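Working notes, structure below.
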Amino acid sequence: MDNTERQLAEAAASLTVEDFEYLQERGILKPPAKSSDVNTQVTNTQKEENRPKRKRKRRTIKREWPDVGTILEADYQGVHYEAQVVAAPRYRTGKALKIANGPAAGLVCHSPTGAMLKATEKQREENGLGRKGIANGWVFWEVKHEQNG
């Protein structure tokens with residue numbers, strides 16, 4: 001199984017019954033054939049409009065931004081990155097990340113994932129990595145703990 005097939009299998013494994021019904025209602029996924037229906041021809045005489053439509057429940061994950069001024073750090077493919085949480089009243093969260101080092105130093109991003117992608121972009125392009133090894137900025141960045149020596 002190659003990497004693409006593995007990613008598809010993992011994505012399919014995380015689908016819920018509601019996800020399958022959503023895909024079937026929009027004609028993206030055909031309903032599974034029942035053993036008695038295998039040789040039965042499908043016609044459009046079945047009334048689907050009488051079936052009540054269920055709204056898909058969206059999953060939301062609440063993320064807590066660190067306080068303004070907090071330094072975040074991350075290591076990716078042997079390179080160390082840092083960013084600082086800054087106040088950004090124009091964004092819904094009121095906070096943003098300012099990248100502190102690397103080719104994207106000084107760039108302000110409205111999300112940890114955006115900051116992760118911008119901070120590592122040059123390195124990923126130079127090494128032909130694509131998005132290998134990174135997917136979620138909330139997991140990528142960690143609060144920097146100062147060492148008192």
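The values are calculated or read from the model by the stated rules, or taken from the named source; none is laboratory data. What you are looking at is a predicted structure, and each value in this text was computed from that prediction instead of being measured. Here the Cβ positions follow ideal geometry from the backbone for every residue, glycine too, while neighbour counts run over all protein chains shown.
Some values worked out for this structure:
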| read-out | value |
| --- | --- |
| Top-ranked residue in region 16-40 [being within 28 Å of the chain's Cα centre (by Cα) and aliphatic (A, V, I, L, M); ranked as modelled with the lowest pLDDT] | Leu29 |
| Some residue of region 83-99 being hydrophobic (A, V, I, L, M, F, W, C), surrounded by fewer than 16 Cβ atoms within 10 Å (Cβ to Cβ) and under 23 Å from His145 (Cα atoms) | yes |
| Pick from region 1-15, criterion of a type in the set (Asp, Glu) and assigned to a helix (DSSP H, G or I), ranking: modelled with the highest pLDDT | Glu5 |
| Cross-chain or 6+ apart pairs with Cβ under 8 Å, region 74-85 first and on the phi > 0 side of the Ramachandran plot, then assigned to a loop (DSSP other than H, G, I, E, B) and at pLDDT below 90 | Gln77/Leu129; Gln77/Gly133 |
